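To start, the structure under review is shown below, and the notes come after it.
Every number in this text was worked out from the coordinates using simple rules, so none of it is lab data. Just so it is clear, the model here is predicted, and its values are computed rather than measured. Neighbour counts are summed over all protein chains in view; Cβ atoms, including those assigned to glycine, are modelled from backbone coordinates with ideal geometry.
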Amino acid sequence: MTQQHSVPPTIKQLAILLGLAHSTVSRALNGRPGIHRETRARVQAEAARLGYVANGAARMLKQRSSSVVGLVVPNIRNKFYSSVAKSLADAASEQSHQVMLFTTDDDPVREAQAIRSLVGARARAIVIAATACPEPEALELLQTVRVIQLIRRHPAIAAPVVAVDDALGIELATVHLLAHGHRRIAYIGASIELSTGRHRFDGFLRGLAAAGQVPVQDWIVLGPPRAEVGAAALGRMLTAARPTALVVGSPEQAKGVLQEAARRGVAIPKALSVVCYGDRSWYELVFGGLTAVRLPEEEIARTCIDLLFAMPEPPPEGVSLRPVLIERFSVTIAPSADRASR
């Protein structure tokens, strides 16, 4: 825990203490370019140690408790995060609190700026889906406030996580395809640098192993959870020996997969059976309805609020919630020559 002074310093005072120009300290604290990484780290560490607050309004908040709950997520283009944000705001409102939303685009610098702003505003707590490599300053600041990790678990953040059993969700998807006779099963998912990507990939491997199947390296693509990654991955898979089935471990990647399949005239499920991780309302409108693993979004938000307001502290391990497989019509029986042995 960092030591906080009773009266937060000004930028000028920080500059004097650090022996730096006022402009240098200001640019370092605001994440502006042109500042050496080591200088920025030194300024931010000293600011955190002395309890620096960014502006006058936030400095006033520092002297009293705040009704703000911070939510820091990669983006809200991902429908999962926007749905959780809405549910979290509704649940917080019932506790007379309000949610302050920050998006990071998985950029550690933007993440650190968001955390700095929330700590400066004396947020009661922060709910965060952390980047793969948070800045040292961000990790230090998170020690000064109650934190709930959302979906992603980062080993350097000592806080409970409200997560979904990602491995189980992807295993359910894989087993569903195996039950339809598929053995040529591909996987597109997030990088294993993220806990969610790692657990989902583990679920895919676990599903195959239980049926005595071995993954094919050419049919495995891991990368950022973006539509263009899914599109490019499917394109590469279709140029060689084709899989008959595909598990997609990210909703954003699934969007790209479906767009690429339509562009190339790949009939789903006749030519390719598909199961997507994360359910969307429009899934019922394409290809006769997409089979998907549904996450309990409202329960996730409610559990975050319950843990945030737990007295005196939430359980250290957090909570893992179960996903469910929603069967629609994007999976069919594998061609007879490719069916897995029963």
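A few comments on the model shown:
- Dipole of the chain, positive end: most advanced residue of V331, L18, P136 [Cβ charges, Cα centre]: L18
- Of all aspartates and glutamates in the structure, the ones whose alpha carbon falls short of 14 Å from that of K270, not counting any fewer than 8 places away in one chain, are D338.
- Within-12-Å neighbourhood charge of E137 [Cβ basis; K, R +1; D, E -1]: +1
- Annotation: amide H-H contacts under 5 Å for D279 (H modelled 1.01 Å from N, sequence separation of 5 or more, or interchain): L295.
- Shape call, region 62-159: gyration tensor on alpha carbons, a/c limit 1.5: oblate
- Each residue in I35, I220 was given a count of other beta-carbon atoms within 10 angstrom of its own, and listing them fewest first yields I220, I35.
- By the count of neighbouring beta-carbon atoms within 10 Å, fewest first, D105, D166 end up ordered D105, D166.
- Tensor-based shape of region 178-279 (alpha-carbon gyration tensor, a/c under 1.5 rounded, otherwise prolate or oblate): oblate
- Computed from the C-beta positions of K12 and A210, the FRET efficiency with R₀ = 51 Å rounds to 0.20.
- Contact order relative to length of region 65-202, as percent, for alpha carbon pairs under 8 angstrom and 6 or more apart: 21
- The sum of -39500 (n - 2.57) across all DSSP H runs of n ≥ 4, divided by the residue count of the chain, sets its helix-only mean residue ellipticity at 222 nm to -12500 deg cm²/dmol.
- Dipole magnitude (debye, nearest 20) for region 62-159, charges at Cβ of Lys, Arg, Asp, Glu: 280
- Against the set [x] 64, 46, 35; [y] 67, 46, 39; [z] 76, 43, 33, the structure's computed Cα extents along the principal axes in Å falls on [z].
- Estimated dipole of the chain in Debye, rounded to 20 [Cβ of Lys and Arg +1, of Asp and Glu -1, Cα centre]: 580
- Across region 268-283, coupling constants 3J(HN,Hα) worked out from phi with the 6.51/-1.76/1.60 Karplus curve, θ = phi - 60°, read 10, x, 4, 9, 7, 7, 9, 10, 9, 8, x, 9, 10, 4, 6, 4 Hz, and Gly and Pro carry x.
- Scattering curve values for region 120-229, log₁₀ I(q)/I(0), Debye with Cα scatterers, q = 0.14, 0.16 Å⁻¹: -0.65, -0.77
- Ranked for footprinting exposure by Cβ neighbours inside 10 Å, fewest first, Y187, Y277 give Y187, Y277.
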